[in-house]
Amino acid sequence: MPSPVHVIVVGAGNRGQTYAQFATLHPHRMQVVGVADPRAFARQKLQEQHHIPEENIYEDWRCIVEREKFADAAFICTPDRLHKDPAVALAKRGYHILLEKPMAVTAEDCTEIVEACIQSAVMLTVCHVLRYDPNIHKIKVGFYHFAHSFVRGNWRNEDESSFALLAKSCHDLDLIHHWAATQSYGTLLRLSSRGSLSILCMQDLPRQSSTGMCGLARVSGVLQFCP
């Protein structure tokens, strides 16, 4: 069995603690061996949870850069505007980088992080965690069902069924009402929605499709009609 990945948590707040929990759930796969955070209580909490040795506890992440490399990867979980400097510095020291989203607050900083990781031949992962959420995955998979149903399926014609807002978005309207109409906020009296048809328009219908019964195809990353 391969050795567990050793990681350092830079920024021991909510995100740092959350990602570090993987080591608790899967100790044979990951171990937290260091932490850097300016807050003593945050450092101590993570130290106690993961039995981090005292010599690997730091108030400033720059102290990690100054010593010999002692882990495989660094989790950068500092506030948004403090992402770039530790990510670049630790990448240059040979640490693989797990970077809390957003990467940085400017495009220039993002570029600098990517270049540092490429030049140092280390891996960079940005924690857009929702894409791995099972519910979000269902939404992505369900998109094609929605597109089919309202182009050539049972709900293709409003006169024969119902309009899209009523047929599908009634779930969204119900959830908004459920969330908003609580004892704290009172009764939801009115809810409105605005929108326009910008894709799948009749003027884009292929000439050879005389009946209007067509499908969808992704061409160069853009959804288009296909006969």
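Here is a yes/no grid of residues against (1) more than 19 Å from Arg15 (Cβ to Cβ); (2) open to solvent by less than 80 Å² (accessible area, probe 1.4 Å):
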residue	(1), (2)
Ile64	no, yes
Glu115	yes, no
Val122	yes, yes
Cys127	no, yes
### Query
Inside region 76-118, can you point out the residues that are touching a residue at least 24 places away in the same chain (Cβ under 8 Å) and charged (D, E, K, R)?
Asp80, Arg81, Lys84, Lys92, Arg93, Glu100, Lys101, Asp109, Glu112
### Query
Regarding Val126, is this residue modelled with pLDDT under 70, under 27 Å from the mean Cα position of the chain (by Cα) and of a type in the set (A, V, I, L, M, F, W, C)?
no
### Query
Of all residues in region 83-113 being assigned to a helix (DSSP H, G or I) and among the acidic types (Asp, Glu), which is least open to solvent (accessible area, probe 1.4 Å)?
Asp109
### Task
Would you check which residues across region 150-172 are open to solvent by less than 60 Å² (accessible area, probe 1.4 Å) and in a helix (DSSP H, G or I) and list them?
Ala164, Ala167, Cys170
### Query
So is Ala20 buried (at least 19 other Cβ atoms within 10 Å of the Cβ) and hydrophobic (A, V, I, L, M, F, W, C) or not?
yes
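The values are calculated or read from the model by the stated rules, or taken from the named source; none is laboratory data. Computed from a prediction, not measured in an experiment: that's the story for all the values here. All Cβ positions, even for glycine, are placed from backbone atoms using ideal geometry, and neighbour counts span all protein chains on display. Heavy atoms of the whole protein, side chains included, go into the accessibility calculation; ligands, DNA and RNA do not. Shrake-Rupley method; radii C 1.70, N 1.55, O 1.52, S 1.80 Å.
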